[in-house]
Amino acid sequence: MFKQIHLYMDKISLSKAFSTHFMEFLNEMTSLFPKNVEIRTFKTAVTQIKRVNPSRLIKTWFSVVTVRFKDAIYSENFSFFETKDYSNDLKNTNYDNDGIHKFIKDMRTASNTMSIDNKKKTMKYLSNLTKMSEMYSNKM
């Protein structure tokens, strides 16, 4: 029983750490692209999800990002994300809509203006979030 409680507490800690780090990442993106309404809107949505169901963020990251893109993330292949066509990845998911496609297109365009340091920082955030989601998933 103690082991189950310990695993449960680890999952809560990981979920909280993930949510905090994800918000830090979104704050960084907001400061890099202050005029991008989609980022601010997404940040607001994430804040609401965090309040209602914080574990949903880390679970969704794992299934949508980690499973599909961890190799590119861990190899710090930023250009992969700049050139990737996400259409097939989004088909038949809750994320296959014009708003998400526009957001991806806008982020791809905005990323062309990012400095190398900011691209490296972005990849570090993605790597940290991916690692936390893997740790969380392995504790299930």
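The values are calculated or read from the model by the stated rules, or taken from the named source; none is laboratory data. The structure presented is a predicted model; accordingly, all values stated were derived computationally and were not measured. Cβ atoms come from the backbone with ideal geometry, glycine included; neighbour counts cover every protein chain shown.
So, in segment 97-140, exactly how many residues are among the polar types (S, T, N, Q) and at pLDDT 90 or above?
Count: 8.
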Original post:
Is there any pair linking a residue in segment 120-140 that is surrounded by 15 or more Cβ atoms within 10 Å (Cβ to Cβ) to one that is outside any helix (DSSP H, G or I) and not hydrophobic (A, V, I, L, M, F, W, C), with Cβ under 7 Å and at least six apart or on different chains, and which?
Top reply: 123/76
**OP:** Considering only segment 9-24, state which residues are at pLDDT below 90 and in contact with a Pro (Cβ under 8 Å, 6 or more places away or on another chain).
**Re:** none
**OP:** Identify all residues within segment 47-91 that are without any contact (Cβ under 8 Å) to a residue 60 or more places away in the chain, of a type in the set (Val, Ile, Thr) and under 27 Å from residue 116 (Cα atoms); write none if there are none.
**Re:** 64, 67, 73, 83
**OP:** Name the one entry in 106, 71, 89 that is exposed (fewer than 13 other Cβ atoms within 10 Å of the Cβ) and more than 24 Å from residue 16 (Cα to Cα).
**Re:** 71
